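S.K.: This is the structure I have questions about; it appears just below.
The values are calculated or read from the model by the stated rules, or taken from the named source; none is laboratory data. Computed from a prediction, not measured in an experiment: that's the story for all the values here. As a convention, Cβ positions derive from the backbone with ideal geometry for all residues, glycine included, and neighbour counts pool all protein chains shown.
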Amino acid sequence: MQEEKESVYIENSVVSYYTSRPNPDPIIRSRQEITRKWWPMAIKRYNVFISNVVLTEARRGDISAATKRLEEIENFTKLEITTDVAELFQFYSDELKFSRKNILDAAHLAIACLNDIDYLVTWNCTHLCNAEIIKKLMKINDQLGVHTSIICTPEQLTEVNNVRSDYL
């Protein structure tokens, strides 16, 4: 009997790191390399999801870069923005104090959590993969009876056997 795959919701920062040219900043470049190694493994190992929010963000900026981002995610299953997602998105943005500039981060949380996604994968460590935000999110979701997706970076979601020793 085949085991069911776990699910990942890939937020746009991961798509951007995967598709962009190598960055001169060593931290960003390292994240890009990690993402490029993680991506093909993730597509095989997980059921991969995105949303129209990811598509909206992927369309922004340079046209050729946007085209590359959109090509990479075109075959992933798109999760719908239902009334329940919209309501939870608004609640999260208020309770977690997301600014207008970062409000779509609350949408990613609502989409992943209400769709019972196992992992929300992001490089956004300011508004998503942030211990204080995650703690508040867990408390909110516990009170609402909503699933909390595990929020992590591609590096954190790499199988131990596939991690090179220089990353440890």
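S.K.: Please tell me if Ala66 is in contact with a Lys or Arg (Cβ under 6 Å, 6 or more places away or on another chain) and either closer than 29 Å to Asn141 by Cβ or surrounded by 13 or more Cβ atoms within 10 Å (Cβ to Cβ) (or both).
M.R.: Numbers: in contact with a Lys or Arg (Cβ under 6 Å, 6 or more places away or on another chain): yes; either closer than 29 Å to Asn141 by Cβ or surrounded by 13 or more Cβ atoms within 10 Å (Cβ to Cβ) (or both): yes.
So Ala66 fits the description; yes.
S.K.: Would a scan of the range 54-76 turn up a residue that is aliphatic (A, V, I, L, M), at pLDDT 95 or above, part of a helix (DSSP H, G or I) and within 16 Å of Asn124 (Cβ to Cβ)? Write out each step before concluding.
M.R.: Quick first cut of the range 54-76, residues aliphatic (A, V, I, L, M) only: 54-55, 58, 63, 65-66, 70, 73.
Those left that are additionally at pLDDT 95 or above: 54-55, 58, 63, 65-66, 70, 73.
Next, only the ones that are part of a helix (DSSP H, G or I) stay: 54-55, 58, 63, 65-66, 70, 73.
Going one step further and asking which of them are within 16 Å of Asn124 (Cβ to Cβ), we end up with 54, 58.
Checked the range 54-76: at least one residue is aliphatic (A, V, I, L, M), at pLDDT 95 or above, part of a helix (DSSP H, G or I) and within 16 Å of Asn124 (Cβ to Cβ).
S.K.: If you don't mind, there's one more thing I want to ask. Can you tell me which residue within the range 69-95, out of those that are crowded, with 19+ Cβ neighbours inside 10 Å and aliphatic (A, V, I, L, M), is farthest from Asn52 (Cα to Cα)?
M.R.: Among those residues, the one meeting the criterion is Leu88.
S.K.: Identify all residues within the range 80-134 that are closer than 17 Å to His147 by Cα, among the polar types (S, T, N, Q) and touching a residue at least 40 places away in the same chain (Cβ under 8 Å); write none if there are none.
M.R.: Passing the criteria: only Asn115.
S.K.: Could you list, in sequence order, the residues of the range 133-155 that are loosely packed, with under 13 Cβ neighbours inside 10 Å and either small (Gly, Ala, Ser) or modelled with pLDDT under 95 (or both)?
M.R.: Gly145
S.K.: Same structure, new question: Do any helices (runs of 4 or more DSSP H) entirely within the range 83-166 hold 1 or more residues that are aromatic (Phe, Trp, Tyr), and if so, which? Explain how you work it out, then say what you get.
M.R.: On the way: elements: 83-95, 103-114, 131-144.
Ranges flagged: 83-95.
S.K.: Next question. Only one of Ser16, Ser30 is within 18 Å of His127 (Cβ to Cβ), among the hydroxyl-bearing types (Ser, Thr, Tyr) and not in a strand (DSSP E or B). Can you tell me which?
M.R.: Ser16
S.K.: Let me ask you something else. Could you grab the pairs with beta carbons closer than 7 Å, sequence gap of 6+ or different chains, first residue in the range 18-42 and surrounded by 14 or more Cβ atoms within 10 Å (Cβ to Cβ), second one among the acidic types (Asp, Glu) and assigned to a helix (DSSP H, G or I)?
M.R.: Tyr18/Glu72; Thr19/Glu72; Ile34/Glu155
S.K.: Moving on to the next point. Quick check: is even one residue across the range 145-167 under 14 Å from the mean Cα position of the chain (by Cα), of a type in the set (Lys, Arg) and within 28 Å of Met41 (Cα to Cα)? Steps first, please.
M.R.: As a first pass, look at the range 145-167 and keep what is under 14 Å from the mean Cα position of the chain (by Cα): 148-157.
Narrowing the set further to residues that are of a type in the set (Lys, Arg) leaves none.
Taking every residue of the range 145-167 in turn, none turns out to be under 14 Å from the mean Cα position of the chain (by Cα), of a type in the set (Lys, Arg) and within 28 Å of Met41 (Cα to Cα).
S.K.: For the structure I just gave you, tell me whether Thr158 is at pLDDT 95 or above and of a type outside the set (D, E, K, R).
M.R.: Against the criterion (at pLDDT 95 or above and of a type outside the set (D, E, K, R)), Thr158 does not qualify.
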